[in-house]
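Visitor: Take this structure, written in structure tokens, and hold onto it; I'll ask about it next.
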Amino acid sequence: MPLDAPFSVLLKPLAFITAFHEVRPLNPAYVERLRQKVRAIGVKPYPLSVTPAGVLFGGRHRYEAFKGEGITECLMHISEPASLDREAIELNRASEDALPMTFVDYAEMVWRKQSVGATQKAIGDELGWSSQKTNDYANLKRIAPQAWGVISATLQASAEVERGDAADGKSATADFTEGLLRAIVQLTADQQLDLVQDLAGGRINKNKFKAQAEAYRTRNAIQGWVRDQLGDIDPEIVREAAAEVMRGAYDAEWVAFAEQGTGLAKLTRLVEAARARFAKKHSLILIHGDFHQEVEKLGDASVDAVITDPPYRISTDRVYRLASQADWNKNFGAWDNQPEGEFLTDIRRWADSFFRVMKPGASGFIFVGEPYLNIAQALFDAAGFEIKGSFFWCRSNPGTSVTKADFMPAMDYAIQLVKPGARRTFNYPGEPEAFNWFQSPICGGHERLKTPKGETLHPTQKPEAVIRHLMDLITLPGDLVLDGFMGTGTTGKVARDTGRRFVGIEQDTGFFGAAKARVEG
């Protein structure tokens, strides 16, 4: 091959080199080996590769050896390649005296380029690699730093053994390759470290490495499924179930499920046992927080029923100025006064969240304001529920109209729904005819919660009699009932009094405090 230009190989002082293009870290052991060779046989006529500006991009180990031995000048090939990295790789492959680059060097080169904004396509184009090869090296970044350190150190030691530098002359104990390590990129950091340490230490071979990596992937998938079923309410119970999975007793069942669609009888028993421990430990759970955030902590298909009274969006800022009494308005607060678009989006999110956490066959009653009854039914239907119809609470003492200009509302509306997939619980009342309405007075007396000033604490507190009627219809003792908008805790109190388990979520601090005292008292 001709030189790039006439006189491009020159004898120049080492001081001509003023900067280094780092392709990979220095290997001090290899520098020492080169120094020994220089002392033994002198300097071979292999030039260093340097740009006209004095940037060394090929032969860094030889440069350090020359410098360490007090050599002040050497042959240098002066050139300006389009890609210093690509040229360095080609020089390394062609040199008889260079420490061969490994996939660790290539991967770290890709990461370095990505860290300054280079795309995988740009990297592949520069280095002459296929998109798949570049992607494979980029994916190795998913290996945890501690495990990667073991891999890097092992390859470095292996290279020294292969070149005869190991004191005992033994061959390398580990055979890490980029292809082998693809098996662990999806594992946890601890799992990655365990595997690479075992392979580096000679405790397992490559076949065992791949088999154990596959077992870890299977168990991680099972753990994810178990966590989805159990949720995050009790981390200790979830950890116990996850630890049980890691024993490997459920691997075969999971593989058969994934490949053949068979059932998960053993895993279902594991989940049921965990839920039984949970039920024994937590019969009443009250959560202070935002519904959308907190409901995500509940497990998939973990709830037997939903009875809840979310905001109606019926508040207004209008003030009624009446001659015979104090000014009056119907503004319950920001929680009941969202813009309509946001409110409809929330209804969709409620529907999706309830559908996820309810068991197949679970029923629910969702109270809703009359203006949004049909819209809410459509949105819950779109989420996957079977809409059984509407339920009406008829107030026997609705009060009188303040303005005398409209009818006084005397009914509250609830959507009756079921999650398909299993037989539902519906305890048909003892009467010859069961109607979709229930009549009772509004809250009053000791049941109506008051502020210290004697004012009504919650404007839409439901009577216990209404909630008791609904709970009797769709649940059995021991069932888990969810109220995502707990308010002052009527559903929780009825659940406690009737032997049901309960999870309630409420974001308002005042309402939550009242509910806690009422349900746990």
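Visitor: Please give, to one decimal in nm, the separation of the simple spin-label points placed at Glu90 and Ala378, each 7 Å out from Cα toward the Cβ.
Guide: If labels sit at Glu90 and Ala378, their model points lie 6.6 nm apart.
Visitor: Ranking Asp304, Asp194 by Cβ neighbours within 10 Å, fewest first, what do you get?
Guide: Asp194, Asp304
Visitor: The list (1) 198; (2) 251; (3) 167 gives values of volume of the Cα convex hull per residue in Å³, and only one came from this structure; which label was calculated from it?
Guide: (2)
Visitor: Nearest 10 degrees is fine. How inclined is helix 251-260 to the longest principal axis of the chain, computing both from alpha carbons?
Guide: Helix 251-260 sits at roughly 80 degrees to that axis.
Visitor: When Ile442, Ile474 are ordered from fewest to most other Cβ atoms inside 10 Å of their Cβ, what list results?
Guide: Ile442, Ile474
Visitor: Which of Glu108, Glu342, Glu253 comes first, and how do the rest follow, when ranked by fewest Cβ neighbours within 10 Å?
Guide: In increasing order of surrounding Cβ atoms, one gets Glu342, Glu253, Glu108.
Visitor: Follow-up. Nothing charged except the Cβ atoms of Lys and Arg (+1) and of Asp and Glu (-1): what's the magnitude of the dipole of segment 341-395 about its Cα centre? Round to the nearest 20 debye.
Guide: Approximately 200 debye in magnitude.
Visitor: Of the options Thr345, Leu298, Gly478, report the single residue whose Cα projects farthest towards the positive end of the charge dipole of the chain (beta-carbon charges: Lys, Arg +1; Asp, Glu -1).
Guide: Gly478
Visitor: For the chain, build the charge dipole from Cβ charges (+1 Lys, Arg; -1 Asp, Glu) around the Cα centre, then report which of Thr451, Cys74, Phe380 sits farthest towards its positive end.
Guide: Working it through, the farthest residue towards the positive pole turns out to be Thr451.
Visitor: A further question on this structure: Could you go through segment 267-279 in sequence order and give the Karplus-derived ³J(HN,Hα) for each residue, using 6.51 cos²θ - 1.76 cosθ + 1.60 with θ = phi - 60°, rounded to whole Hz, and x for Gly and Pro?
Guide: Result, ordered by residue: 5, 4, 5, 4, 5, 5, 5, 5, 5, 5, 5, 4, 5 Hz.
Visitor: Let me ask something else about it. Step by step: find N for segment 210-281, compute 2.2 N^0.38 Å, then divide the Cα radius of gyration by it. What's the final number?
Guide: My calculation over the Cα atoms of segment 210-281 gives 1.10.
Visitor: Using the Cα centre as the reference, give the magnitude of the dipole from point charges on the C-beta atoms of the chain (Lys, Arg: +1; Asp, Glu: -1; all else neutral), rounded to the nearest 20 debye.
Guide: 680 debye
Visitor: With a Förster radius of 56 Å, plug the Cβ-Cβ distance of Ala19 and Asp352 into 1/(1 + (r/R0)^6) and report the FRET value to the nearest 0.05.
Guide: According to the calculation, E is roughly 0.45.
Visitor: Straight-line reach from Lys359: which lysines fall under 22 Å, measuring Cα to Cα and dropping same-chain residues less than 8 apart?
Guide: Lys266, Lys280, Lys281, Lys297, Lys388, Lys419
Visitor: Once you have the Cα-Cα distance between Lys266 and Arg182, take 0.36 nm times their residue separation minus that, and quote the gain in nm to one decimal.
Guide: 27.2 nm
Every number in this text was worked out from the coordinates using simple rules, so none of it is lab data. Source: prediction; values computed, not measured. Cβ: placed from backbone, ideal geometry, glycine included. Neighbour counts: every protein chain shown.
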